[in-house]
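Asks: Take this structure first; my questions come after.
The values are calculated or read from the model by the stated rules, or taken from the named source; none is laboratory data. The shown structure was predicted, so the numbers you read here are calculated from the model rather than taken from an experiment. When we count neighbours, we look across all protein chains shown, and the Cβ atoms used for this are built from the backbone with ideal geometry, even at glycine. Side chains are part of the model used for accessible areas, which takes the heavy atoms of the whole protein and leaves out ligands, DNA and RNA. Shrake-Rupley method; radii C 1.70, N 1.55, O 1.52, S 1.80 Å.
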Amino acid sequence: MPQYVRPTRMEDALALLSGETERCLILAGGTDLVVDCGEADLSGRILLDVTALPELGQLRLEGETLRLGAGVSFTEIIESGTIPGCLGLLKQAAASIGSPQIRNTATVGGNLGTASPGGDFCIALSGLRAEVVLLSARGERSLPVEAFFTGVKKNRCQPDELIVRLDIRLPLASRYRKLGLRRSLALPILALGVSEYVDGWRIAMGPVTPVPFRPVETEALLTGGGSPAEAAALAEQEVTRLGGGRRSSLRGSVEYKRKMAGALLAEVLKEMEEDRHWRNR
Amino acid sequence: MIGENLARRDAVDKLRGARVYGDDHRPAACLHVRPVLAGIDHGRIRAVDRRQALAVPGALAVFTCEDYPGHKVTGRLIPDMTVLPLDRIRYRGEIVALAVGETERAAEEAARAVVVEVEELPALFTPQQALEPGAVAIHESGNRVLHRTVERGDVHRVWAEAAVVVEHHYSTPLVEHAYLEPDNAFASWEDDRLIVNGSCQDIHAAQKLVAQTLGLPLERVCVRRNMIGGSFGGKTDPLLELFVALAAYVFRRPAYMRLTREEMFRSSVKRHPAYIHCKSAADRNGRLLAMQASILVDNAAYSYSGPAICSRMLTHATGCYTVPNVRLDLQLVYTNNPPTAAMRGYGEPQIVFAVESQMDEMARALGMDPLAFRRKNALRVGDRTLTEQLLTGSVGLGQTLRAVEDWRRDNPPPPPPPGFVLGRGVASMFFGIGKTGKLDPSTVRLEWDGERLAVYSAVCEMGQGSRQALLQIAAEALEIDSARISIVDNDTETCPDAGITSASRITYTTGRALQDACRRLREQLTAMAQHTPEDVTLPLVVEETFTPEKTAIQLPAFTGEPYPTYAYATQLAEVAVNPGTGEVRLLRVVAAHDVGRAINRRMVCGQIEGGVAMGAGYALSEQYRPGRTESFHAYILPTAQDAPEIIPILIEDEESTGPFGAKGVGEPALVATAPAIVNAIRDAVGVRIYDLPALGEKVFFAMQAQKEGG
């Protein structure tokens, strides 16, 4: 049987994590960990339950920044009155994950920690200007989300570090669109997060590359005033130019994903334009 | 009582999560059995090396086919299968050997340590591949199991004169039963009798097979059925029962086995894929002139019910219509896919998908409304079916068509969700009740003790509500409170053979035997009431067998009366399709079903709802790929979010030979749904999907192709 600890103070959690790095398994919602562990023999391991650490549960606005704790569940995001309308992307992404039961326990930090190329929140956060804040006994550091993911199921969080929170700059508007094989409990065929800032657009999509993909030319086109139709065509081109990809994955062929990059972006931009009109009335 | 929505007796326990299923009742101290799966698609078994396995602490034995002392052939219709493979592996998930251990862990470790030396052979995955000259023979008899042709009139005369001719190729995939309760069984000795507790749809057949494979006299084997958590035909053939029986037999100790969900995906039986090339023609007034179909059915690694499924497919291959000129050609072919066997619909989901797509295309070509076109050709009392059976009554097809027409008129299409376009499609079907052309009697025994009635019949309650239906039939027939009646159905010792619970036959066949038995009991009680109490001997026992009237199908003419009666249905599907992405959302399904008489209306609606949901999965998202879809992660069932609003409409065109007029609904519920959905997609965006499932990606590229071509 593994050891189980649930510290209520961050310093205790970090001390354990630094002192027993190889033995620790970080447990928040557990929706990935429990499945991954399966029937494995966990004797000798320590389940470090971080759900009692107050820093991880924060969800608050500080000026133009939303501080989103890594321990916040997707249901909390969906139901939060704190998250402003311009961060619609977060709520839409949260609502698209799993099922109600999963959303009740799964957390932001868990999704990022697993770093799956199809991880809805990995894609969503990559579509925003966000910083990932990491904490260890050695201190705190933060890095932009585009630097956080390094490969399939790989990120820059060190074994003795804890993902504490996301600091997200408020955009003017944002949306998330996911295309799956069904409407619930579905990993994405293709998902994209789009946000519009005063000085530029940001788009992230996946799963197309090992880490969330940013079609930077399309972003530049939109920032420069390009039309949704032009943006959609360019996005399709950028994804096509990537090449590679498994010819026919169970979740959609390469050809379909390329087409959907354009189609979904076109839909999202259209919706954002309608929202803008409605807002500016 | 009949038609009443009495709550099911097992509902509360099941909702509360009470300990009702096999796994809940396994013996406390038992041996565990774990399977050794093949891992290759096709090969010769050179040797099975048990040494490392037996060295595992707690490991007791490794069994192969040779360890069965009795007659090893278990193939029911075709003797092409043994209880464990003798010398050949024919599919990737095949259970090659069994490891027995003191604990499940020890057995599992031992199973993994078994070394099976194989000489790999080329593997084939479609009937087309298997029919190519020079293709490896999967069985000694060759890859073609069966070849049937049916002819009526002369189709060749027709094509030139017809107003419309529609020709297309259709295909359907392997799909998984995905019942909620994975397979499990246990066995133990009681004195000198071997008691096997399993999940089999036919416990008498299981009893015979256990006795036969162990070389035991029938009286020394008893099979009891645990409460089953869903089956859909997948638990037709005993498997784990045979495995635990051997372990218990050899070690004289209780033995238990269960399969994980992954093992179910890899190992269990599936629905037959079919490849159907259709050509159909009609005249300018909308009368069907001809239907031609050449059908390849994937028999996979072993036959199971393949030939019977093909019989049903053929008898229904021209749809629920009168067609004067017919040419059918069907071949059943081995491949190295996981075994295809009985699954809800038994061949009809495949053929009706093709036929009803063709009907839709013909209606379009004629400019006729799809329901009107069907009505013009629909079977009626006085018509003859493809096998020239005269329909003498209870043909509610016309009423189902009218019900859907009325609904359609009264419910104009709603505005579609933003970014989507709406479409509606219909499909009709009929379903012969009972085994195709095979005698399938059902026996019931009643015991009346003066106060309470016990009904004994080995019917498989698998969640469909057979117990409840029989309860209500008995209560109505005897005019007593249902609380005084118990249904006993799960023990070969006390329950007479009801025949297999499949072919949607139980309500009709066993229900009728029960109704007849109750009538005889009443007669006896009435006669008894005229005597003095001392003359009465209780308990009164009445046994009754009902044998539905039917004849075998005569070959080569393919004529006969293979079913005593037919169920009919028409369904309408309403979909929203996103023209930008191909996504299909199923909004509503109207399902009008002629069930003869609904014994419990809510249960019948439940069957319809479940069938429609299954049909929706078949139409839109389910495809089993060996080696690739081995969990619910990859095998896409519809979730509650994907389920449509389902509007069941019950039509009761009473069947005079059925209990209180009842026919059946279990499988009919499923058959028309997929074509209705595919027809609705066609209506919405102008493209037709010929190969199930109709994934969004397929719809998208079909639309692309149309834009570029047109």
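Asks: Around residue B:172, with a cut-off of 13 angstrom between Cβ atoms, what is the net charge of the other residues, counting Lys and Arg +1 and Asp and Glu -1?
Replies: Values: positive: B:270, B:271; negative: B:298, B:348, B:356, B:622, B:691.
Around residue B:172, the surrounding residues sum to -3.
Asks: Using the 2.2 N^0.38 Å rule of thumb for compact globular proteins, work out how region B:1-144 stacks up: its C-alpha Rg over that value, please. If you can, show how the numbers build up before the last one.
Replies: Values: Rg = 20.9 Å, N = 144, 2.2 N^0.38 = 14.5 Å.
Against the compact-globule rule of thumb, the ratio is 1.44.
Asks: A further question follows. Subtract the Cα-Cα distance of residue B:192 and residue B:601 from 0.36 nm times their separation in residues, and report this length gain in nm to one decimal.
Replies: On the way: separation 409, 0.36 × 409 = 147.24 nm, distance 4.55 nm.
Separation in residues times 0.36 nm, less the Cα-Cα distance, equals 142.7 nm.
Asks: Give the interface area between chains A and B as buried accessible surface, both sides summed, probe 1.4 Å, in Å² to the nearest 100.
Replies: On the way: alone 13330 and 26540 Å², together 38050 Å².
The buried area between A and B, both sides summed, comes to about 1800 Å².
Asks: Determine the dipole magnitude for chain B: charges of +1 sit on the beta-carbon of Lys and Arg, -1 on that of Asp and Glu, nothing else is charged, the reference point is the Cα centre, and the result goes in debye to the nearest 20.
Replies: On the way: 75 positive and 87 negative charges, 223 e Å.
That gives chain B a dipole magnitude of about 1060 debye.
Asks: Let me ask you something else. What nm distance separates the two modelled labels at residue A:152 and residue A:183, each placed 7 Å from Cα along Cα→Cβ?
Replies: The answer from the label model is 3.2 nm.
Asks: Tell me which lysines have Cα within less than 30 Å of residue B:435's Cα, excluding those fewer than 8 residues away on the same chain?
Replies: Counting by Cα, and skipping residues close in sequence, residue B:435 has these lysines nearby: B:72, B:208, B:235, B:270, B:279, B:376, B:550, B:663.
Asks: While we're looking at this one, here's another question. Using the Cα centre as the reference, give the magnitude of the dipole from point charges on the C-beta atoms of the protein assembly as shown (Lys, Arg: +1; Asp, Glu: -1; all else neutral), rounded to the nearest 20 debye. Walk me through the numbers on the way to the answer.
Replies: On the way: 109 positive and 121 negative charges, 328 e Å.
Charge dipole, the protein assembly as shown, about its Cα centre: 1580 debye, nearest 20.
Asks: Provide a whole-number value for the mean count of partner chain Cβ atoms within 10 Å of the Cβ atoms in peptide A:258-265. Could you put the intermediate results ahead of the total?
Replies: Values: counts 0, 7, 7, 0, 1, 7, 2, 0.
What the average comes to for A:258-265 is 3.
Asks: Stretch residue B:643-residue B:46 to full length: gain in nm at 0.36 nm per residue minus the Cα-Cα span?
Replies: Values: separation 597, 0.36 × 597 = 214.92 nm, distance 4.88 nm.
Length difference between fully extended and current span is 210.0 nm.
Asks: Using a 1.4 angstrom probe on the protein heavy atoms only, could you order B:19, B:375 from most to least accessible area? Spell out each step's value before the answer.
Replies: Working: B:19 160, B:375 95 Å².
Listed by decreasing accessible area, they come as B:19, B:375.
Asks: So if R0 is 22 Å, what FRET efficiency would residue B:531 and residue B:451 give, r being the distance between their Cβ atoms, rounded to the nearest 0.05?
Replies: My answer for the efficiency is 0.70.
Asks: If you don't mind, another one. Just to be sure I understand: with springs between alpha-carbon atoms less than 10 Å apart, which residue in A:200, A:180, A:44 has the highest mean-square fluctuation in the Gaussian network model of chain A?
Replies: A:44
Asks: Follow-up question, since we're still on this one. Quickly work out the residue B:149-to-residue A:230 label distance, labels modelled 7 Å from Cα along the C-beta direction, and quote it in nm with one decimal.
Replies: It is 6.5 nm.
Asks: Could I ask something else about it? Taking every DSSP beta bridge with both residues inside chain B, roughly what % is antiparallel (nearest 5)?
Replies: Working: 92 of 125 bridges.
Antiparallel bridges: around 75 percent, rounded to the nearest 5.
Asks: Among B:325, B:610, B:564, pick out the residue whose Cα is farthest towards the positive end of the charge dipole of the protein assembly as shown, where Lys and Arg carry +1 and Asp and Glu carry -1 on C-beta, about the Cα centre.
Replies: The Cα lying farthest towards the positive end belongs to B:325.
Asks: Per the helix-only calculation at 222 nm, which mean residue ellipticity applies to the protein assembly as shown, given -39500 (n - 2.57) for every DSSP H run of n ≥ 4 and division by its residues, nearest 500 deg cm²/dmol? Could you put the intermediate results ahead of the total?
Replies: Values: 29 runs with 305 residues, N = 991.
The per-residue figure over the protein assembly as shown is -9000 deg cm²/dmol.
Asks: Going toward the positive end of the dipole of the protein assembly as shown, with +1 on Lys and Arg Cβ and -1 on Asp and Glu Cβ, which of A:188, B:255, B:269 do you reach last?
Replies: So the residue furthest toward the plus end is A:188.
Asks: Another question, if that's okay. Measuring from label point to label point, each 7 Å out along Cα→Cβ, what is the residue A:52 to residue B:29 span in nm?
Replies: 4.2 nm
Asks: Using 0.36 nm per residue of separation minus the Cα-Cα distance, give me the extension gain between residue B:156 and residue B:129 in nm, one decimal.
Replies: Working: separation 27, 0.36 × 27 = 9.72 nm, distance 2.87 nm.
Full extension of this stretch gives 6.8 nm more.
Asks: Which chymotrypsin sites (Phe, Trp or Tyr not before Pro) in region A:120-179 pass both tests, a DSSP loop state and at most 14 other beta-carbon atoms within 10 Å? Write out the running numbers ahead of the final one.
Replies: On the way: sites: A:121, A:148, A:149, A:176; in loops: none.
Sites meeting the loop and neighbour criteria: none at all.
Asks: Of all DSSP beta bridges in the protein assembly as shown, what percent run antiparallel (nearest 5)?
Replies: Details: 134 of 174 bridges.
Antiparallel: roughly 75 percent of the beta bridges in the protein assembly as shown.
Asks: Moving on. When chain A is treated as a GNM, springs tying every alpha-carbon pair under 10 Å, which of A:142, A:73, A:195 comes out with the largest mean-square fluctuation?
Replies: A:142
Asks: Give me the residues in region A:166-201 whose solvent-accessible area, probe 1.4 Å, is reduced by at least 50 Å² once all protein chains are included instead of the chain isolated.
Replies: Hits at the 50 Å² cut-off: A:181, A:182, A:183.
Asks: Here is a further query. Using a Förster radius of 41 Å, what is the FRET efficiency between residue B:520 and residue B:219 based on their Cβ-Cβ separation? Nearest 0.05, please.
Replies: Working: r = 28 Å, r/R0 = 0.69.
Approximately 0.90, to the nearest 0.05.
Asks: Continuing with the same structure: Around residue B:686, under 15 Å between beta carbons, what's the net of Lys plus Arg minus Asp minus Glu among the other residues?
Replies: On the way: positive: B:364, B:424, B:682, B:688, B:698, B:707; negative: B:360, B:361, B:683, B:708.
With Lys, Arg at +1 and Asp, Glu at -1, the neighbours total +2.
Asks: Roll a 1.4 angstrom probe over the protein heavy atoms and tell me the percent of accessible area of chain A that is carbon or sulfur.
Replies: Numbers: 6360 of 12420 Å².
Of the solvent-accessible surface of chain A, carbon and sulfur hold 51 percent.
Asks: Using the heavy atoms of the protein chains alone and a 1.4 angstrom probe, what is the accessible area of the protein assembly as shown per residue in square angstrom?
Replies: Details: 38050 Å² over 991 residues.
Ligands and nucleic acids excluded, the result is 38 Å² per residue.
Asks: Could you tell me which residue out of A:29, A:70, A:53 lies farthest along the dipole of region A:1-75 toward its positive end? Charges go on the beta carbon: Lys and Arg +1, Asp and Glu -1, centred on the Cα centre.
Replies: A:53
Asks: Considering only the other residues whose Cβ falls under 13 Å of the Cβ of residue B:398, what net charge follows from Lys and Arg at +1 and Asp and Glu at -1? Spell out each step's value before the answer.
Replies: Numbers: positive: B:374, B:375, B:376, B:380, B:402; negative: B:383, B:405, B:406, B:594, B:653.
Combined, the nearby Lys, Arg, Asp and Glu give 0.
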